Amino acid sequence: MDSIKTINKNKGEANLNQNKPVTLIIGAILTLASIAAIIYGYQTKETIEVSQTDKLLIFGLITLLFGIVILINGVLQLRKPVVSTAKSSMNVITLAQAALFAALAYIGFSYFRIDIPVGPGSTAFHFGNTFVVVAALLLGGSWGGLAGAVGLSLADLMSGKYFTVAPQTFFLKLCIGLIAGLVAHKIFHISTLHKKSKILVASIVASVAGLGFNVIADPVVGYFYKKIILGLQGDLAINWAKMTAVTTFVNAITSAIMAVLLYNALRPALISANMFLRKESKDAEKKSENA
């Protein structure tokens, strides 16, 4: 009986191991295809109006970023040991929660947004960043950032007004999640903490770190993106960056407050439902047992 279980286990591990190169191949294909689309779209771009080639350029940039993420993940997967069935089940739960937060980020931008016209474009107050940070606090930086990047990039693409800035959104939201997750899980080991006061402090610092980065990076990245990629005139790009800086700062304050409140409310509920994911290693968990 034990031998049968061992054989089945080995077969399962072999199947999981065979899937590792697939991620690498998919990432490489997406990356190469997107580079071709970007080159063609950029070379045929003539005006700041959104044409079919502009759309190809935008989709190419987003696909490039997404392809790079998958490619890096594929490379890392090749270096990891074989994933067990239990670990694979946890990955499914993580993926489901990430998809949920991507949807919430989409809703937070699409339906809770105040548009502010700036020249030929717009900026906005919204609640989408809240769910990027909450996802990073619960799922870790990579999953949280990717959930926010996908959800808010789709919101830009579907909105019409923000179609052209979707690649910028993907990059910045991914960075928000990565930074918030890094601070929360690598510095504070937030998922292993027990004292409410320390959990609160960790969630505040991580939220401020991720959204604070966005306050600085959004106007700066936005200026160069609109000037170089979209071909916007210098004065218009500067005015857009200045207005974006104001809205980003307000968004950061409101999103940080909401993210901290939501995380500290969701955490005990997820623990009670056995849906809370421990992202830290066993060594980190042992160190924080008395925290």
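The values are calculated or read from the model by the stated rules, or taken from the named source; none is laboratory data. Being a predicted model, the structure only gives us computed values, none of them experimental. Neighbour counts run over all protein chains shown; Cβ positions are idealised from the backbone, glycine included.
For the stretch 165-177, enumerate the residues that are in contact with a Ser or Thr (Cβ under 7 Å, 6 or more places away or on another chain) and either hydrophobic (A, V, I, L, M, F, W, C) or touching a residue at least 60 places away in the same chain (Cβ under 8 Å) (or both).
Once the filter is applied, which keeps residues that are in contact with a Ser or Thr (Cβ under 7 Å, 6 or more places away or on another chain) and either hydrophobic (A, V, I, L, M, F, W, C) or touching a residue at least 60 places away in the same chain (Cβ under 8 Å) (or both), the stretch 165-177 yields A166, F170.
Consider G145 against the criteria (1) closer than 23 Å to L270 by Cβ; (2) in contact (Cβ under 8 Å) with a residue 40 or more places away in the chain; (3) within 15 Å of the chain's Cα centre (by Cα): it satisfies all of them except one. Which criterion is unmet?
(2)
Being in the same structural domain as L236 (by TED's automatic domain parsing) and either under 29 Å from K226 (Cα atoms) or within 15 Å of the chain's Cα centre (by Cα) (or both) narrows it down to one of A202, A206, so name that one.
A206
Suppose we keep only residues that are surrounded by fewer than 24 Cβ atoms within 10 Å (Cβ to Cβ) and not β-branched (V, I, T) within the stretch 169-184. Which one would you say is nearest to L154 (Cα to Cα)?
Step by step, filter the stretch 169-184, then rank; the result is F171.
Out of everything in the stretch 97-130 that is out of contact with any strand residue (DSSP E or B) (no Cβ under 8 Å at 6 or more places or on another chain) and assigned to a strand (DSSP E or B), what residue ends up being farthest from V246 (Cα to Cα)?
In this case the residue turns out to be G121.
Determine, yes or no, whether A136 is crowded, with 24+ Cβ neighbours inside 10 Å and either of a type in the set (A, V, I, L, M) or part of a helix (DSSP H, G or I) (or both).
Answer is yes for this residue.
Looking at the stretch 48-69, I want the residues that are within 13 Å of G231 (Cα to Cα) and among the charged types (D, E, K, R) and have a partner that is modelled with pLDDT of 75 or more and in a loop (DSSP other than H, G, I, E, B) with Cβ atoms under 9 Å, at least 6 apart or on another chain. Which pairs are those?
Within 9 Å, the pairs are D54/L230.
Taking the stretch 207-247, which residues are in contact with a Phe, Trp or Tyr (Cβ under 7 Å, 6 or more places away or on another chain) and among the small types (G, A, S)?
G222, A237, A241 - these are the residues of the stretch 207-247 that are in contact with a Phe, Trp or Tyr (Cβ under 7 Å, 6 or more places away or on another chain) and among the small types (G, A, S).
Suppose we keep only residues that are touching a Lys or Arg at 6+ places or on another chain (Cβ under 8 Å) and either more than 15 Å from F112 (Cα to Cα) or without any contact (Cβ under 8 Å) to a residue 40 or more places away in the chain (or both) within the stretch 148-163. Which one would you say is surrounded by the most Cβ atoms within 10 Å (Cβ to Cβ)?
The extreme case among them is G148.
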